[in-house]
Amino acid sequence: MWQYEKKLQYPVKIKNPDPTLAKVIISQIGGPDGELGASMRYLNQRYSAPCREIQATLTDIGTEELAHMEMISAILYQLTRNLSIEEIKKAGFDAYFVDHTTGIYPQAASGVPFTASYFQSKGDVITDLHEDLAAEQKARTTYDNLLRLIDDPDVRDPIKFLREREVVHFQRFGESLRLVQDMLDAKNFYAYNPSFDK
Amino acid sequence: MTSEQIKLMKKIQAASFALVEANEYLDTHPTCPDGLEYFRRHKEVCEKAKKEYESKYGPLTAAASAGTRKWEWVTQPFPWELCANEGSDD
């Protein structure tokens, strides 16, 4: 089970609201490579992991992703506080505003709502870990793109923290893949999971 | 929140982060003596800071609400508020 702690994993302190930034950052909660998809991917995949090390890795990284979702939501919340209708119109935030006011809703920057089709749970640990490695790189690229679009240091700071976590998680999933390949069959050079058919 | 409270919160955030990082590392290196030592050291710092924070300002988890007259969980801001990240006297 889970227990909530009343703290962000890393502080979010944005002095100046700016809905134009919220429009693109929202992809990191509800977009194809966002934190909600990441969390759901790992927390659903963990049941078919064949050893405790990988069950632990998927549980603990999947849990950390929930904390990242909260950080992104805090960024969006602070970027869209105290807006006037004029500011909303000028920023082109009106399309979001009409459906959600300034509530937090998981969608991609393009407006497509979050969908479970952004991730897989294949029941094959080697297949799943390859997806997880790719997912961490895709999220890292998304954060790189956000850093190319954002100048405000208050917003860049927590985004840079989140980007670094993608790099670390990629490392942990690489170790997980090495562990499971050694464990299943040290001579299995083709990296398929033979456990189901044996 | 006051800058004193923010300072203590940042100490908890730093120590908790060290624990998350060590936890994930130990998941794939469960017998690494340096990793185990690192985890133990930061766990001590983290628990001490959390205890001090909760005694001064209020519970970090709902379960730590122990008041007899007031449900303390609702007395402190939730962390997405700007005021939970910025000292009011800064």
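Here's the yes/no breakdown for (1) at the interface with chain B (Cβ under 9 Å from one of its Cβ atoms); (2) closer than 20 Å to B:N85 by Cβ; (3) crowded, with 19+ Cβ neighbours inside 10 Å:
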position: A:W2; (1), (2), (3): no, no, no
position: A:E5; (1), (2), (3): yes, yes, no
position: A:T20; (1), (2), (3): no, no, no
position: A:E35; (1), (2), (3): no, yes, yes
position: A:A74; (1), (2), (3): yes, yes, yes
position: A:T80; (1), (2), (3): no, yes, yes
position: A:S84; (1), (2), (3): no, no, no
position: A:K89; (1), (2), (3): no, no, no
position: A:T101; (1), (2), (3): no, no, no
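If you go through the range B:28-42 one residue at a time, how many are touching a helix residue (DSSP H, G or I) at 6+ places or on another chain (Cβ under 6 Å) and either among the polar types (S, T, N, Q) or touching a residue at least 12 places away in the same chain (Cβ under 8 Å) (or both)?
Of the residues in the range B:28-42, the ones touching a helix residue (DSSP H, G or I) at 6+ places or on another chain (Cβ under 6 Å) are B:28-29, B:35, B:38-39, B:42.
Subsequent filtering for residues that are either among the polar types (S, T, N, Q) or touching a residue at least 12 places away in the same chain (Cβ under 8 Å) (or both) retains B:28, B:35, B:38-39, B:42.
Total satisfying the criteria: 5.
If you filter the range A:40-59 down to residues that are within 14 Å of chain B (Cβ to nearest Cβ) and open to solvent by less than 10 Å² (accessible area, probe 1.4 Å), you find that the one that is nearest to the chain's Cα centre (by Cα) is A:Y42. Against the conditions (1) under 30 Å from A:P17 (Cβ atoms); (2) at pLDDT below 95, A:V180 satisfies every one except (1). B:C83 meets all of the listed conditions (1) part of a helix (DSSP H, G or I); (2) in contact (Cβ under 8 Å) with a residue 12 or more places away in the chain; (3) crowded, with 16+ Cβ neighbours inside 10 Å but one, namely (3).
Can we say A:D99 is out of contact with any helix residue (DSSP H, G or I) (no Cβ under 8 Å at 6 or more places or on another chain), assigned to a loop (DSSP other than H, G, I, E, B) and of a type outside the set (F, W, Y)?
Details: out of contact with any helix residue (DSSP H, G or I) (no Cβ under 8 Å at 6 or more places or on another chain): yes; assigned to a loop (DSSP other than H, G, I, E, B): no; of a type outside the set (F, W, Y): yes.
No, not satisfied.
Out of B:V20, B:V45, report the one residue that is outside any loop (DSSP other than H, G, I, E, B), among the β-branched types (V, I, T) and more than 12 Å from every other protein chain (Cβ to nearest Cβ).
Answer to the check: B:V45.
State whether one or more residues within the range A:139-153 are open to solvent by less than 60 Å² (accessible area, probe 1.4 Å) and over 17 Å from the mean Cα position of the chain (by Cα). Checking the range A:139-153: at least one residue is open to solvent by less than 60 Å² (accessible area, probe 1.4 Å) and over 17 Å from the mean Cα position of the chain (by Cα). For the range A:123-154, the set of residues classified as in contact (Cβ under 8 Å) with a residue 40 or more places away in the chain and not in a helix (DSSP H, G or I) consists of A:G123, A:D124, A:I150, A:D152, listed by residue number.
The values are calculated or read from the model by the stated rules, or taken from the named source; none is laboratory data. Keep in mind it's a predicted model, so treat the numbers as computed, not measured. Ideal geometry is used to build each Cβ from the backbone, glycine not excepted, and the neighbour counts take in all protein chains shown. What goes into the accessible areas is simple: the full protein's heavy atoms, side chains included, and nothing from ligands, DNA or RNA. Shrake-Rupley method; radii C 1.70, N 1.55, O 1.52, S 1.80 Å.
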